[in-house]
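Each remark here refers to the structure printed beneath this line.
The values are calculated or read from the model by the stated rules, or taken from the named source; none is laboratory data. Quick caveat, the model's predicted, so the values are computed rather than measured. Backbone-built Cβ (ideal geometry, glycine too); neighbour counts: all protein chains shown.
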Ligand SMILES: [Zn+2]
């Protein structure tokens, strides 16, 4: 079923691919599309880095059940590592800087983390992340793109094209695959 984003006014399918889900919305989806929400979040973080940090801290204090501090520190490290590596890889792919990678690819570091976790197999985890890599299922070399507006760029970096893979497996494919992590 199509749904109008009340921010950009673009009609997009009412699915988790295009909208964040939430019980408080009558149709189960946020009135703003993911692209608009990510754009807003990235802009907000850039404009108000201190406020964004304070908001996150306040949220953690209101939700202490969401992890003991050690767990949270580890998660922060994982997210920080993912964030940096994605930014580096995507900037290198485009030879371009200055736009947040979350905005370019249309998902956040949390989306990426959850996506990878869903595909962990055989003991994979954040504790052994040096032993596996983020693999492009269809290799980067298969795509032709010169800008982030290119549909091939979106396809290359789509969550559905990314999966965690044990390093040995990845390397045995002849090094054609791009490594992220
Ligand atoms: Zn929108």
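Could we say that residue 116 is modelled with pLDDT of 90 or more and touching a strand residue (DSSP E or B) at 6+ places or on another chain (Cβ under 6 Å) here? So that I can check it myself, show each step before the final result.
Values: modelled with pLDDT of 90 or more: yes; touching a strand residue (DSSP E or B) at 6+ places or on another chain (Cβ under 6 Å): yes.
Considered against the rule, which asks whether it is modelled with pLDDT of 90 or more and touching a strand residue (DSSP E or B) at 6+ places or on another chain (Cβ under 6 Å), residue 116 comes out as yes.
Report whether or not residue 47 is away from the ligand (no atom under 16 Å from the Cβ) and either under 23 Å from residue 21 (Cα atoms) or at pLDDT 85 or above (or both).
Numbers: away from the ligand (no atom under 16 Å from the Cβ): yes; either under 23 Å from residue 21 (Cα atoms) or at pLDDT 85 or above (or both): yes.
Yes: the conditions hold for residue 47.
Only residues that are surrounded by 13 or more Cβ atoms within 10 Å (Cβ to Cβ), more than 17 Å from residue 108 (Cα to Cα) and within 12 Å of the ligand (Cβ to nearest atom) were counted in the stretch 11-28, giving 1.
Just wondering, is there one or more residues in the stretch 27-40 that are assigned to a strand (DSSP E or B), within 25 Å of residue 160 (Cα to Cα) and touching a strand residue (DSSP E or B) at 6+ places or on another chain (Cβ under 7 Å)? Full working, then the answer.
The first filter runs over the stretch 27-40 and keeps only residues assigned to a strand (DSSP E or B), leaving 29.
If we keep only those that are within 25 Å of residue 160 (Cα to Cα) as well, we get 29.
Subset that is touching a strand residue (DSSP E or B) at 6+ places or on another chain (Cβ under 7 Å): 29.
Yes, that holds for at least one residue.
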